[in-house]
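> There's a structure below that I have some questions on.
The values are calculated or read from the model by the stated rules, or taken from the named source; none is laboratory data. What you see is a predicted model; the values in this text were computed from it and never measured. Surface accessibility is based on the protein's heavy atoms, side chains included, excluding ligands, DNA and RNA. Shrake-Rupley method; radii C 1.70, N 1.55, O 1.52, S 1.80 Å.
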Amino acid sequence: MSVTLYQLDGCPYCEKVADRLDELGVEYETVWTEALHSKRDEVKRVSGQRAVPVLVDEEYGITMPESDRILEFAERSYA
């Protein structure tokens, strides 16, 4: 799978992104992260920071944090 979404259970920003990806019919893998920022080592390794959501799309060659940026990208690329 070329699209991965790093998210935290109960995070409203993550849910907003996941809901929109679902609406657009994007198939993606979810990687659930730890609640504590200090435990988000995989997110840090992938994106250079520990905040979620983070979208990784191998086909487009992007790793993108921040829900608003992800949503803009999704509208341009997947809609």
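> Kindly indicate whether Val26 is β-branched (Val, Ile, Thr), modelled with pLDDT of 95 or more, in a loop (DSSP other than H, G, I, E, B) and open to solvent by less than 40 Å² (accessible area, probe 1.4 Å).
Criteria met by Val26.
> Among the residues of segment 31-48, count how many are assigned to a helix (DSSP H, G or I) and of a type outside the set (A, V, I, L, M, F, W, C).
Selection size over segment 31-48: 8.
> In segment 29-47, what residues are of a type outside the set (A, V, I, L, M, F, W, C) and open to solvent by less than 50 Å² (accessible area, probe 1.4 Å)?
Of everything in segment 29-47, those that are of a type outside the set (A, V, I, L, M, F, W, C) and open to solvent by less than 50 Å² (accessible area, probe 1.4 Å) turn out to be Thr30, Thr33, Arg40, Ser47.
> For segment 1-14, name all the residues that are open to solvent by 90 Å² or more (accessible area, probe 1.4 Å) and not in a loop (DSSP other than H, G, I, E, B).
Within segment 1-14, just Tyr13 meets the criteria.
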